[in-house]
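*Asks:* Sharing a structure with you now.
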């Protein structure tokens with residue numbers, strides 16, 4: 001593996017015979033298990049060197065029998081043998097499992113290789129009377145008239161405001177993936193911006209989709225797929241399921257212009273971590289440098305790593321296909337407790353710990369009841385019958401036992417202790433906030 005990667009990165013052989021690169025990569029994958037069984041002490045026995053051509057043939061006692069043949073220009077027989085030995089050693093390390101390791105492609109993305117947002121404004125027609133009330137949405141009628149004018153149709157001014165019930169003004173947005181080429185299609189989302197009740201059964205007219213720079217990158221058109229529906233009776237009763245004013249068109253936009261990515265420019269690439277972490281960045285640098293040699297990867301900061309890359313675009317693709325599948329041990333996440341005060345949802349991270357603390361959380365319930373009574377005066381007393389309010393106040397407090405957290409209490413112990421006292425989510429929120437204020441909660445408390 002390292003022989004192939006070093007061969008690609010070596011400036012003396014850049015742009016050389018691509019078959020050597022591709023075949024060695026294929027052979028390394030096919031014969032990986034055989035090399036792993038051979039071990040470092042007898043790695044040379046797995047391959048044979050013959051003449052001026054490198055024929056990597058596993059020994060007959062191993063299952064892998066595929067051969068690789070290619071010219072190693074500028075390399076001596078001794079140098080090639082050293083490369084092969086080093087490749088087998090590092091390939092054995094590469095195949096050894098890592099504890100809690102993740103693929104590099106799941107931890108980081110390549111700078112410049114990104115999704116771009118597109119937006120447009122258009123009309124949906126063909127609605128069954130559920131479109132905009134154009135007397136209340138003049139922009140819909142204006143857009144409709146502008147569209148007719150492009151086809152040489154001019155609406156007389158004497159007509160005034162026409163009530164169109166089968167037309168709706170909509171906004172369209174889409175995500176343009178990296179490396180999208182002209183002619184490819186992307187999915188789009190269509191949303192009503194007027195007072196249309198439903199877009200079900202409608203068709204989007206041709207609409208240009210623009211990027212933040214104002215250029216048109218795609219053109220959208222097609223029939224909508226709406227997951228919701230809206231029904232209304234003559235007596236005013238109405239039933240609505242999901243959101244009928246929004247729909248999607250799978251493959252509804254055709255890409256017209258690519259977005260430059262800068263992927264094939266320069267002699268290096270920058271990997272941006274999805275979750276910045278100094279430990280993860282260090283592990284990525286160490287793993288790549290162990291595979292390719294010192295100085296190939298350098299950490300820019302806790303969220304970025306610069307990696308040397310081949311100049312040839314095809315070799316760069318092969319190179320990244322290997323790097324993105326490297327197993328990297330990610331750093332442990334910061335201890336966090338997330339509280340959603342609106343829904344009562346509480347998420348406690350795995351690394352949350354609690355310092356020694358004793359907690360008791362009582363529940364005081366105060367009930368006020370109004371029982372009005374009728375005051376009836378005695379006969380011949382001259383009084384009048386009256387309704388007199390009478391209030392009854394009851395206060396009850398449930399006995400809650402005190403529970404104590406030992407040093408370094410984990411997540412499971414926190415949940416178990418809180419459940420034992422029958423605390424509700426709101427009670428747990430109050431307990432966690434109190435622990436944070438007391439300095440006993442070793443985690444970041446986030447309320448959303």
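The values are calculated or read from the model by the stated rules, or taken from the named source; none is laboratory data. Computed from a prediction, not measured in an experiment: that's the story for all the values here. Backbone-built Cβ (ideal geometry, glycine too); neighbour counts: all protein chains shown.
*Asks:* Would you check which residues across segment 153-168 are in a loop (DSSP other than H, G, I, E, B) and at pLDDT below 90 and list them? Working first, answer last.
*Replies:* Taking segment 153-168 first, the residues in a loop (DSSP other than H, G, I, E, B) are 153-156, 160-166.
Within segment 153-168, 153, 154, 155, 156, 160, 161, 162, 163, 164, 165 meet the criteria.
*Asks:* Further question on the same structure: Mind listing whichever residues of segment 314-362 are surrounded by 15 or more Cβ atoms within 10 Å (Cβ to Cβ) and under 20 Å from residue 293 (Cα atoms)?
*Replies:* 315, 316, 318, 319, 320, 322, 323, 324, 326, 327, 328, 329
*Asks:* Give the number of residues within segment 250-261 that are in contact (Cβ under 8 Å) with a residue 40 or more places away in the chain and either surrounded by fewer than 19 Cβ atoms within 10 Å (Cβ to Cβ) or part of a loop (DSSP other than H, G, I, E, B) (or both). Can you show your working first?
*Replies:* Step one: list which residues in segment 250-261 are in contact (Cβ under 8 Å) with a residue 40 or more places away in the chain, which gives 250-259, 261.
Restricting the remaining residues to those that are either surrounded by fewer than 19 Cβ atoms within 10 Å (Cβ to Cβ) or part of a loop (DSSP other than H, G, I, E, B) (or both) gives 250-251, 254, 256-259, 261.
Of the residues in that region, 8 qualify.
*Asks:* Exactly one condition in (1) at pLDDT 70 or above; (2) closer than 30 Å to residue 332 by Cβ; (3) part of a strand (DSSP E or B); (4) out of contact with any helix residue (DSSP H, G or I) (no Cβ under 6 Å at 6 or more places or on another chain) is not met by residue 404; state its number.
*Replies:* Of the numbered conditions (1) at pLDDT 70 or above; (2) closer than 30 Å to residue 332 by Cβ; (3) part of a strand (DSSP E or B); (4) out of contact with any helix residue (DSSP H, G or I) (no Cβ under 6 Å at 6 or more places or on another chain), the odd one out for residue 404 is (1).
*Asks:* What residue, of 230, 213, 264, is within 27 Å of the chain's Cα centre (by Cα) and in contact (Cβ under 8 Å) with a residue 40 or more places away in the chain?
*Replies:* On the way: 230 fails: within 27 Å of the chain's Cα centre (by Cα); 213 fails: in contact (Cβ under 8 Å) with a residue 40 or more places away in the chain.
The match here is 264.
*Asks:* Is it the case, given these coordinates, that residue 387 is surrounded by 10 or more Cβ atoms within 10 Å (Cβ to Cβ), in contact with a strand residue (DSSP E or B) (Cβ under 9 Å, 6 or more places away or on another chain) and modelled with pLDDT of 70 or more? Walk me through how you get there before you give the answer.
*Replies:* Details: surrounded by 10 or more Cβ atoms within 10 Å (Cβ to Cβ): no; in contact with a strand residue (DSSP E or B) (Cβ under 9 Å, 6 or more places away or on another chain): yes; modelled with pLDDT of 70 or more: yes.
In short, no.
*Asks:* Right, here's the next one. For segment 271-301, give me each residue that is under 23 Å from the mean Cα position of the chain (by Cα) and surrounded by 16 or more Cβ atoms within 10 Å (Cβ to Cβ).
*Replies:* 271, 272, 273, 277, 280, 281, 283, 284
*Asks:* Filter segment 139-154 for residues that are free of Cβ contacts under 8 Å to residues at least 12 places away in the same chain and at negative phi and give the result. Lay out the reasoning, then the answer.
*Replies:* First, pick out the residues of segment 139-154 that are free of Cβ contacts under 8 Å to residues at least 12 places away in the same chain: 142, 145-146, 148-154.
Residues satisfying the conditions are 142, 145, 146, 148, 149, 150, 151, 153, 154.
*Asks:* Something else now. For the condition modelled with pLDDT of 95 or more and in contact with a strand residue (DSSP E or B) (Cβ under 7 Å, 6 or more places away or on another chain), what is the one hit in 171, 198? Explain how you work it out, then say what you get.
*Replies:* Values: 198 fails: modelled with pLDDT of 95 or more.
Result of the check over 171, 198: 171.
*Asks:* Continuing with this model, one more query. Go through 367, 381 for me and flag whichever is assigned to a strand (DSSP E or B), assigned by TED's automatic domain parsing to the domain that holds residue 355 and modelled with pLDDT under 70. Break it down stepwise before answering.
*Replies:* Working: 381 fails: assigned to a strand (DSSP E or B).
Testing whether each residue is assigned to a strand (DSSP E or B), assigned by TED's automatic domain parsing to the domain that holds residue 355 and modelled with pLDDT under 70 leaves just 367.
*Asks:* Given the conditions (1) outside the structural domain of residue 431 (by TED's automatic domain parsing); (2) touching a helix residue (DSSP H, G or I) at 6+ places or on another chain (Cβ under 9 Å), and given that residue 278 satisfies all but one, which numbered condition is not satisfied?
*Replies:* (2)
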